[in-house]
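S.K.: This structure is in structure tokens; I'll ask about it shortly.
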């Protein structure tokens, strides 16, 4: 009985010591950036440039490894100019050009592992996954043969999105406990979001992809 109590006490002491050491290695901050999203397998490349905003936190497992997460707003979707192709005469049809634009607004929550290189100013690599919840969506373009503008399409989409992310960046201290972050990440969606093509205006699969650039700051919390 005494041995069990000693073992439990020793284990509790180790856990509290580990928790105390980890508590000194937590960082929090915020990032603002630009996104260049599109859809996977889209025949025409997207021309979108969007705004991203997030708060970020990280837990230092060691000097080399960190577990990081961001929570924030991210606009995805696509934008391009479409012109109808005449298969019979093998040419584009005159006066058939129109704009197509899809706005998908998400609360995005990525979780990834960060690998650091360096001491003061550090380069890093990061990889992991993300979950996104769709809060708003609209479509401009041709749907069921008719032109529509900013038509709501959230009901035609699955609300949950998930995928993988990979990237890297630079982290540099300004003074003790405060620093700046510059990073780039690529996101690749794994889920087809197209629940009802008649509502969304897209006949094929809708899977998000995109490049995101971010700049921000972090504060070490002891």
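None of the figures in this text is laboratory data; all of them are computed from the coordinates on show. Owing to the predicted nature of the structure, the values given are computational and were not obtained by experimental measurement. Positions of Cβ are backbone-derived with ideal geometry, glycine not excepted, and every protein chain shown enters the neighbour counts.
S.K.: Report the calculated FRET efficiency for residue 191 and residue 28 (r = Cβ-Cβ distance, R0 = 30 Å), to the nearest 0.05.
M.R.: 0.55
S.K.: Highest mean first, what order results for 191-197, 101-107 on Cβ atoms within 10 Å?
M.R.: The densest-packed peptide leads the list: 101-107, 191-197.
S.K.: Report the calculated FRET efficiency for residue 119 and residue 174 (r = Cβ-Cβ distance, R0 = 22 Å), to the nearest 0.05.
M.R.: In this case the efficiency is close to 0.90.
S.K.: Let me ask you something else. Can you tell me the order of 130-137, 171-178, 62-69 when each peptide is scored by its average per-residue count of other Cβ atoms within 10 angstrom, highest first? Walk me through the numbers before you get to the answer.
M.R.: On the way: 130-137: 17.4, 171-178: 12.0, 62-69: 13.9.
Averaged packing, sorted descending, gives the order 130-137, 62-69, 171-178.
S.K.: Right, something else. What is region 116-178's relative contact order, in percent, from Cα pairs under 8 angstrom and six or more apart in sequence?
M.R.: 45 percent
S.K.: What's the ranking of 140-147, 74-81 by average number of surrounding C-beta atoms within 10 Å, highest first? Present the calculation step by step, with values, prior to reporting the outcome.
M.R.: Working: 140-147: 12.9, 74-81: 20.9.
Averaged packing, sorted descending, gives the order 74-81, 140-147.
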